[in-house]
Amino acid sequence: MKIKKAGKWLLLCAFTAFIIFMFNAVAIYRFALHDETRKADCAIVAGAGIRGDLPGPVFAARLDHAIALYMDGKVNTLILTGGYSPDASQSDAAIARQYVLNHGIPASRIFIDEQSRVTRENIRNAKQIMTRQQLKTALLVSDPLHMLRMRLIARDNDIAGWSSPTSTSRYHSWSTQLPFLLRESFYYTGYRLLRLMPEIPVQKIST
């Protein structure tokens with residue numbers, strides 16, 4: 001009887017976890033369809049890797065979007081995030097800085113975070129830059145499916161931020177979107193669950 005009861009509890013827990021995961025996946029997908037772009041003090045660009053001395057395709061698409069926001073007058077400052085990729089002599093953020101400089105962004109309007117490796121670090125370090133530069137509001141720049149988690153982490157770090165997803169995401173087909181969506185659903189679910197544990201500061205959650 002005890003084994004059967006334990007089995008039922010395990011099935012119930014697994015079913016509940018599946019329902020939560022699917023609910024979050026739907027929320028992520030639906031939020032990805034929304035664009036909250038408006039005027040703000042800065043744009044925070046989530047890092048996404050490099051190829052040699054250039055941003056990788058995903059990172060370049062995000063940077064192109066941030067450049068367009070600056071050129072359109074939506075923001076007057078760019079905060080570029082990204083630490084060192086394996087065997088790289090420059091940080092992802094430093095390479096991103098050169099990329100946006102080459103596209104006409106003034107050096108005085110670019111700030112970089114060279115330490116972050118994951119989204120929560122991108123946001124935490126960007127918040128520190130915002131505080132030092134007295135920036136109050138931000139547009140959050142990343143791929144559409146990343147936006148819900150990025151905005152949640154921003155709010156946990158007291159950033160008044162809005163989603164501004166790139167319209168040229170490399171994840172445009174279902175074959176590329178589905179793995180991204182599943183990964184984001186896993187990280188987003190984990191992040192929300194850990195936020196419920198008061199003994200773990202939200203800023204220390206490494207997803």
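Assorted remarks:
- C-alpha long axis of helix 92-102 to longest principal axis of the chain, angle in °: 40
- HN-Hα J in Hz across region 149-156 - Karplus 6.51, -1.76, 1.60, θ = phi - 60°, x for Gly and Pro: 5, 4, 5, 4, 5, 4, 5, 5
- Among the listed values (i) 0.93; (ii) 1.01; (iii) 1.04, the one matching Rg/Rh (Cα atoms, Kirkwood Rh) as calculated from this structure is (iii).
- Å² of accessible area per residue within region 118-178, as computed with a 1.4 Å probe and no ligands counted: 44
- Lys, Arg +1 and Asp, Glu -1 on Cβ, resulting dipole of the chain about Cα centre, debye, nearest 20: 940
- With Cα atoms, 0 to 90° folded angle of helix 119-133 axis to the chain main axis: 40
- Residue (of Pro144, Leu101, Gly47) at the positive-pole extreme of region 1-155, dipole from beta-carbon charges: Pro144
- Two-site label geometry, Lys74 and Met197: point separation in nm, points 7 Å out along Cα→Cβ: 3.6
- Solvent exposure ordering (accessible area, 1.4 Å, most first) of Lys136, Lys127: Lys136, Lys127
- GNM result for the chain, Cα springs below 10 Å: residue of Met130, Met71, Met197 fluctuating most strongly: Met197
- Other residues with beta-carbon under 13 Å from the beta-carbon of Ala68 carry, at +1 per Lys or Arg and -1 per Asp or Glu, a net charge of -1.
- Structural descriptor for region 45-119: relative contact order 35 percent, calculated from alpha carbon pairs under 8 angstrom and at least 6 residues apart.
- For a label point 7 Å along the Cα-to-beta-carbon line of Ser89, residues of region 50-70 with backbone N under 11 Å: 53
- Highest mean first, the peptides 73-81, 184-192, 13-21 sorted by other C-beta atoms within 10 Å per residue fall in the order 73-81, 184-192, 13-21.
- Mean Cβ count within 10 Å, highest first, over the residues of peptides 145-155, 99-109: 145-155, 99-109
- Per-atom-type breakdown for the chain gives carbon and sulfur 59% of the accessible area (1.4 Å probe, protein chains only).
- Contact order, relative form, for the chain: 25 percent (alpha carbon pairs under 8 Å, 6 or more residues apart, mean separation divided by residue count).
- Peptide packing: for 111-117, 49-55, the average count of neighbouring Cβ atoms within 10 Å per residue gives the ranking 111-117, 49-55, highest mean first.
- Acute angle (nearest 10 degrees) that the helix 57-71 long axis makes with the longest principal axis of the chain, alpha-carbon atoms: 50
- Evaluating 6.51 cos²θ - 1.76 cosθ + 1.60 at θ = phi - 60° for every residue in region 108-116, the Karplus couplings come out as 5, 9, 10, 10, 10, 10, 9, 9, 6 Hz, glycine and proline recorded as x.
- A Cβ-based charge dipole, computed about the Cα centre of region 25-132 with Lys and Arg at +1 and Asp and Glu at -1, lands at about 320 debye.
The values are calculated or read from the model by the stated rules, or taken from the named source; none is laboratory data. From a predicted model like this one, the values you see are computed outputs, not experimental measurements. Neighbour counts are summed over all protein chains in view; Cβ atoms, including those assigned to glycine, are modelled from backbone coordinates with ideal geometry. SASA here: full protein model, heavy atoms, side chains in, ligands and nucleic acids out. Shrake-Rupley method; radii C 1.70, N 1.55, O 1.52, S 1.80 Å.
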